[in-house]
Structure formats: structure tokens, C-alpha cells
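Visitor: This is the structure I have questions about; it appears just below.
Please treat every number below as a calculation from the coordinates, not as lab data. If you're wondering where the values come from, they're calculated on a predicted model, not measured in any experiment. Note that each Cβ is placed from the backbone with ideal geometry, even for glycine, and that neighbours are counted across all protein chains shown.
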Amino acid sequence: MTQRRKLTNWLIVLVALHGIIAAAGFFAPYDPVEQDRGRPYLPPMHLHMVDGQGHLHVRPFFYPLRLREGSFDQYEEDTAGAVPLRLFTRGAAYRLLGLIPSRLHLFGAVGARIHLLGTDAYGRDQLSRILYGGQVSLLAGLLGATVTLLLGALIGMAAGYYSGWRDELLMRVAELFLALPWLYLLFALRAFLPLAVSPLEAFLLVVVVIGMVGWARPARLVRGVVLSVKERDFVRAARGFGASDFYLLRHHIFPETASVLLTQAAILVPQFILAEMTLSFLGLGVPEPMSSWGNLLATLQQYSVLVSYWWMYLPALAIVPFFLGYLGLASALQQRTTPYKLEEKTGWNPS
Amino acid sequence: MRYFLRRTLHAVFLLFGVSLLTFLFSALTPGNYFDEMRLNPQISPETVSALRIQYQLDRPLPVRYAHWLNAVAHGELGFSFAYNSPVAPLLWVRARNTLALTVTAMLLAWLIALPLGVWSAARFGRAPDRVLSFTTATLLVVPDLVLALGLLILAVRTGWFPTGGLVSVNFDELSAPQKLRDLGFHLALPVIALVVATLPMLVRHVRASVAEALDAPFLRAALGHGIPRSKLLYGYALRAAANPLISLFGFSAGTLLSGSLLVEVVMSWPGLGPLLLESILARDLYVVIGGVLLSMLFLVGGNLFADILLYWADPRIRTAASAK
């Protein structure tokens with residue numbers, strides 16, 4: 001596969017993945033906060049094609065689950081009434097991408113609720129919560145990466161352009177940030193920010209904390225690029241014509257750092273999604289009733305949940321395809337920008 | 001000798017910088033431990049302000065920093081508000097457990113990664129190498145948190161390993177070999193999680209640098225001289241490839257510390273991780289600073305060790321250092 005093909009393929013994969021999460025309302029059968037107290041910890045339902053009498057159905061169907069006699073969390077299939085799965089049904093109202101009001105859902109059922117990935121302690125649909133939770137986690141990762149790259153580009157350009165003591169100081173601080181293990185840094189930053197805040201404030205706080213952790217590496221890379229670019233002939237010529245520092249940085253130097261920043265973005269975004277997950281998992285991030293991949297996993301800290309309800313682990317797996325996509329994109333970008341074959345150097349070959 | 005001196009100075013500077021940084025962050029804190037206390041109607045405002053003065057939280061930041069530095073010089077790390085005891089002994093017990101976990105995991109990961117990477121590099125591009133590369137690539141996209149939780153669920157459902165704590169409840173009644181076995185059993189799950197989390201990166205790096213070394217003309221010459229294959233791989237190629245790997249050793253200490261923080265919380269291993277989380281939630285300022293600093297000390301220690309190893313392994317560094 002050529003390098004360009006590789007890049008477009010990974011981009012398509014990522015756009016599709018993000019599209020599913022962005023249009024969570026359509027793909028999720030229910031509202032993520034809608035409770036069904038009568039059905040806590042419902043296990044994932046099975047779709048069938050063949051019923052008890054051996055008849056083949058054209059439409060996949062499922063049996064509603066009912067509580068087993070004398071139990072509070074053990075369910076059995078009610079084989080009396082098969083409920084067919086319907087595509088493009090009308091259900092809970094939502095706003096597509098937060099704008100377009102709609103009631104259309106990819107799938108659903110009439111007469112019984114369908115929970116393909118089970119339900120949580122309050123009977124909320126796990127699949128819907130994972131899809132909506134992805135919006136929070138991905139947005140935190142993307143915004144965090146934007147903050148980091150802005151910060152990194154600004155500091156890197158300042159350090160590279162105005163060499164001397166300013167460069168020394170900034171790079172020593174960057175070294176400090178690079179040396180600290182990132183989770184400790186995340187913890188330390190979070191430790192000194194307020195704890196009891198509203199969900200939206202908590203989300204913004206998470207973005208700020210994540211964004212401030214990772215600026216050092218992009219800053220150093222940008223500085224390296226700036227150091228070499230600022231001595232190039234076209235920059236010197238522009239300076240000779242009387243261009244100001246700001247003009248030079250904005251029009252001649254910043255564009256040269258674009259490829260480094262792009263590659264860094266592909267590396268940082270998945271890390272920051274994971275950072276949000278970690279913070280929320282530990283109770284330092286986005287709180288209930290908002291769902292994010294991290295706080296969906298937080299219930300696993302209860303031993304009883306861990307033992308009995310394995311499907312509460314499923315949100316963890318949601319991040320894996322994103323990790324794969326971003327790693328592939330990062331390596332495709334690196335191959336494009338570095339002349340030698342990256343694969344031989346690092347052994348990284350995702351295809 | 002001057003080489004070591006320079007590295008040590010660098011380490012001290014780093015520690016100093018981190019302490020300054022965490023103190024600066026703490027100055028930006030909108031709340032502290034006593035704010036929570038003030039909300040408690042059973043504690044009078046006079047008591048709270050007296051406590052504030054006792055712990056010198058009313059003093060300006062530079063004064064507090066100087067006091068704290070002075071305490072550190074005397075082997076103390078400030079005072080924990082929540083535990084009402086000095087921070088150092090508190091941290092020490094936890095740090096021991098964290099060290100036991102990370103050092104075991106680190107040794108194990110490298111002991112597996114070295115032969116596996118060399119084995120893979122010797123078969124570069126052939127079927128076994130491809131299978132291994134694919135496996136490590138797959139493991140690379142599974143984050144620590146996902147891995148640790150998955151392992152925990154596996155352990156709970158199979159009952160193979162205990163799922164938390166340092167030792168069993170009846171630890172005191174066991175004989176010495178039984179004690180060791182019990183500790184090992186409890187250590188197993190977190191260690192496995194950490195090893196699996198770090199192994200793919202290590203194997204890939206070992207494989208890449210050994211494969212590069214294998215390409216060098218001197219190794220082809222050695223092969224032509226009929227030197228046995230195992231000696232060629234481990235005696236010659238690995239040695240030539242050692243330089244970037246030793247640097248990676250220092251770096252892997254950092255990722256392991258981060259990883260262990262998470263694994264400890266997930267698997268309730270009584271190390272620094274749970275303590276740090278607890279003190280963040282309680283706003284126990286000095287415990288947080290102490291914990292971060294202690295982890296930094298481990299990291300710097302690991303890096304210093306890597307530097308010494310590098311000095312011993314790479315003659316180029318020795319000559320460069322003595323030439324100065």
C-alpha cells in the first residue's frame with residue numbers, strides 16, 4: 001500500500017468511528033439517563049434467528065427477560081413472546097449533533113425494551129450510555145489535545161525564536177514536565193483544583209488539566225523546527241525587508257511546524273482520551289449523571305459488580321478501536337514526513 | 001567520576017524543580033483541608049484558625065517553601081492533616097509496597113523482553129517474527145486501565161489469584177515459606193498487569209535495535225569467522241545494541257510508575273497510588289507533594305542507575321567523559 005493510501009484509509013476509519021459517536025442519538029436505542037428501576041443489571045440480550053419450534057425467522061428477534069422467581073438480579077428468557085428487532089424505529093427524542101431534533105433510531109423494538117449490552121444498576125441501557133459517554137470522552141481528548149498543541153506551539157516558537165536565556169528557562173521547565181510520570185502530573189494538577197463542581201465545570205476542568213500536562217514534548221519538537229527554519233534564506237530575506245517578529249512567526253515559521261504538530265495531534269488525542277477515562281474512573285473527572293467511558297467503568301470498583309456483572313466492563317473496550325485508528329494515523333503521518341522508512345527503525349507496522 | 005557528579009547534580013536539580021513546581025501549583029489552590037473543616041459545625045472557627053496558624057498555612061508561600069525545605073533537609077516531609085502524623089513514615093510504608101511491585105515487574109519485563117526481542121530480531125521478517133510483531137502491536141493498543149480491569153475480572157471469575165491487598169488475613173499464622181508464597185500470590189496479578197502493559201514496547205525496541213546491529217559489517221565478519229550463533233546474538237549484537245536500550249530502561253521506569261499508580265488503585269495494592277488518591281480527595285496537601293516527590297526520587301534513581309549502566313557498557317561515553 002502506498003503511503004498516501006495508508007493515510008486516507010486510516011483517516012476514513014477514524015472519521016467513521018467519530019461519526020458513530022457524534023451521531024450517538026441515532027445509533028443508541030434509548031436516552032442515556034432514562035431509568036428502568038425494575039430491571040437492574042440486565043445481562044446482554046441474545047438475538048435469535050430460529051425460535052423454539054425450529055422455525056426460521058426472516059427478522060432477527062429476541063425474547064424479553066424476566067426476573068427469575070425469588071431473585072433480584074437473575075433473569076431468564078421469556079420464550080412465550082418473541083419480539084422482532086425493528087430497524088429505523090421512532091423512539092426517544094434527541095438532537096443530532098446537538099442541533100437537528102429527531103426521533104429516528106437505527107434500531108429498536110415495539111412492546112419490549114431491547115438491551116443488546118445489558119443495563120446498569122438503574123436499568124439504564126448500557127449501549128446508549130457507552131455511545132453518549134463517548135461524546136464526553138472524545139471531546140475531552142480532542143479539546144485537551146488542542147489546548148496542549150496551542151500551548152506547545154506557542155512555547156516552542158517563543159523558545160526557538162528568541163534564543164538565549166528565555167530558551168534556556170523554557171526548556172528547563174519543559175524537561176521537568178517531561179521527567180514527571182504523566183499520571184502523577186495529572187494527579188498533582190488535579191489535586192490543586194476544586195473538587196465539588198458542576199458537571200460542566202468538571203468537564204472543563206478535566207480538559208484544562210489534561211491540556212496542561214502534555215505541552216512539553218510538542219514544545220521541544222516545535223523549537224527544533226523553528227531553530228532550523230529561522231536561519232533559512234526565505235526567512236532571512238523577509239527579515240531583511242523589515243518584517244516584524246510577529247509577522248515572521250505567523251507567516252513563515254508557523255506553517256513549517258504544521259507537520260510536526262499534526263503528528264503530535266495523532267499521538268496525543270488517544271492518550272488524552274485515556275487520561276479523561278482514568279480521571280473519571282478514579283472519581284476526579286466527569287461526574288454522574290453525565291456518562292463518560294471513565295465514569296461508566298467506576299462501578300467496577302465495587303467488588304460485587306466485578307464478580308457478577310461482567311458487561312459493566314464493556315465501556316473499556318470502546319477505546320481500543322480509537323487507539324488503533326490514531327496509532328495507525330500517527331505512523332502514516334510520520335512515514336509521510338520522514339524520508340527514511342519508519343517501520344525499519346521502530347518496528348511499528350500496524351497493517 | 002566527573003560524569004557521575006554531573007549526572008547527580010542534574011538529578012538534584014530535577015528534584016528541586018519538581019518540589020518548586022508542586023508548591024507553586026499548591027499556591028493556586030482555591031481550597032484547603034481546613035476549608036472543609038470549617039463546614040463542620042462541631043469545630044469552632046477559633047480552632048480552625050489556630051490550626052491554620054499552627055501549620056503555618058497563613059504564612060506567605062516563600063516562607064512555607066523555605067520551612068518545608070528545611071524539614072526535608074531534616075528527613076521530614078511536612079505534616080499530614082488527615083492522618084495527624086508526619087508524612088514521611090506514612091509514605092515510607094506505602095513506598096515500600098510500590099517499590100516491591102514496580103521493581104519485580106521491571107525485572108520480569110526486561111528478563112522476558114531481552115530474549116524475546118533477540119529471538120525475534122534473529123528471524124527478522126520471517127513468520128515467527130511477524131506473528132510476534134502482530135501480537136505486540138495488538139497489545140500496544142490496549143491501554144493500562146483496560147488491561148488491569150480485564151485481568152481483575154478474569155481473576156475474580158476464575159478464582160486463580162486473590163484480588164486485592166498485600167497479604168491474606170491469616171498472614172501472621174503462616175510459616176515463613178507459606179508467607180512468601182502468600183505474598184507472591186498477592187503480588188502476581190498486579191505484576192502481570194504491569195508486565196503485560198510494558199512488555200510490547202520493550203520487545204519492539206529490543207527487536208529493532210538488535211536487528212539494526214545485526215546488519216553491521218563487523219557482525220557479518222564475526223559470522224564468517226564461525227563464531228557460534230548464540231554468542232553472536234547475545235555477546236556481540238546485544239552488546240552493540242545496548243546503548244538505546246539502557247536509555248529506554250530509564251524511560252521505562254517512568255511509564256512503570258504511572259502504570260503502577262493505576263494498577264495499585266484498580267487492584268487495591270496498598271502502595272502510593274491509593275494513598276495519593278485519598279489525599280487528593282481530602283486535600284491533604286503535604287502528602288500529595290511528598291508522594292509526587294517520592295515517585296520522582298524513584299524515577300531519578302532509575303535514571304541514575306541507567307546512566308551508570310551506560311557508562312559501564314559503552315566505552316564511547318567513558319572516553320567522552322574523561323576527555324573533558
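Visitor: Using a 10 Å cut-off around each Cβ of peptide B:124-136, what is the average number of partner chain Cβ atoms that fall inside?
Guide: On the way: counts 2, 0, 0, 0, 0, 1, 1, 0, 0, 4, 2, 0, 2.
The per-residue average across the peptide is 1.
Visitor: To the nearest whole number, what is the average tally of beta carbon atoms from other chains within 10 Å of the beta carbons of peptide B:11-22?
Guide: 3
Visitor: Same structure, new question: Quick test of the membrane-span-like rule: which DSSP H helices of chain A reach at least 30 Å along their long axis (C-alpha atoms) with mean Kyte hydropathy at least -1.0?
Guide: Membrane-span-like by this rule: A:126-161, A:258-281.
Visitor: Which whole-number percentage describes the relative contact order of region A:129-346, with Cα contacts under 8 Å and a sequence gap of 6 or more?
Guide: 30
Visitor: Then there is this: Longest exposed-loop-site-free stretch of chain A, with trypsin sites (Lys or Arg not before Pro), DSSP loop and at most 11 other Cβ within 10 Å?
Guide: In chain A, the maximal stretch lacking such sites is A:69-340.
Visitor: Right, something else. Check which residues have an amide H placed less than 5 Å from A:PHE107's amide H, if you skip close sequence neighbours.
Guide: A:PHE88, A:THR89
Visitor: Rounding to the nearest 10 and keeping the result within 0 to 90°, find how far the Cα-based axis of helix B:61-73 lies from the longest principal axis of chain B.
Guide: Orientation of helix B:61-73: about 60 degrees from the principal axis.
Visitor: From the phi angles alone, apply the Karplus equation (6.51, -1.76, 1.60; θ = phi - 60°) to region A:39-56 and give each ³J(HN,Hα) in whole Hz, x where the residue is Gly or Pro.
Guide: 10, x, 6, 6, x, x, 7, 9, 8, 10, 10, 10, 8, x, 7, x, 7, 8
Visitor: Take every residue in peptide B:142-148, count the Cβ atoms of other chains within 10 Å of its Cβ, and give the average of those counts.
Guide: Working: counts 6, 10, 3, 10, 12, 1, 1.
That works out to 6 on average.
Visitor: Using θ = phi - 60° and the Karplus relation 6.51 cos²θ - 1.76 cosθ + 1.60, list the HN-Hα couplings for region B:285-300 in order, rounded to whole Hz, with x at every Gly or Pro.
Guide: Once rounded to whole Hz, the list reads 3, 6, 5, 4, 4, x, x, 4, 5, 5, 5, 4, 4, 4, 4, 4.
Visitor: Over region A:45-115, what is the relative contact order in whole percent, taking alpha-carbon pairs under 8 Å and six or more residues apart?
Guide: So the answer I get is 25 percent.
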